[in-house]
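This report refers to the structure that appears directly beneath it.
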Amino acid sequence: MLKKYGQLFISILFISDIGVVVVSWLLAYYIRFYIEIIPVTLGIPPIEYYIKLLPFIVVIYAITMKVLGLYQPM
């Protein structure tokens, strides 16, 4: 059963990991600029800047995990 659906499980894992990266990136923006852990002294940048960088972050993550062999079946 695992061999039959192994690629499906790997794909689901990869997509869910990408989702976690996206949520983490946006949550980091919110925590940095809207929760006063470190004071923001130069103003809050528009979230559009972070959203424009998000595809690059996802690609870097995907390449890194592929090179490290994270999604290779054992």
TODO: Return yes or no: is Tyr61 hydroxyl-bearing (Ser, Thr, Tyr), in contact (Cβ under 8 Å) with a residue 24 or more places away in the chain and surrounded by 12 or more Cβ atoms within 10 Å (Cβ to Cβ)?
DONE: yes
Open item on the list: Can you tell me how many residues within region 36-73 are at pLDDT 90 or above and assigned to a helix (DSSP H, G or I)?
Closed with: 20
Open item on the list: Can you pull out every residue in region 14-55 that is of a type in the set (Val, Ile, Thr) and either under 26 Å from Val67 (Cβ atoms) or surrounded by 10 or more Cβ atoms within 10 Å (Cβ to Cβ) (or both)?
Closed with: Ile15, Ile18, Val20, Val21, Val22, Val23, Ile31, Val40, Ile44, Ile47, Ile51
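The values are calculated or read from the model by the stated rules, or taken from the named source; none is laboratory data. Keep in mind that what you see is a predicted model, and the values were worked out from it rather than measured. Neighbour counts run over all protein chains shown; Cβ positions are idealised from the backbone, glycine included.
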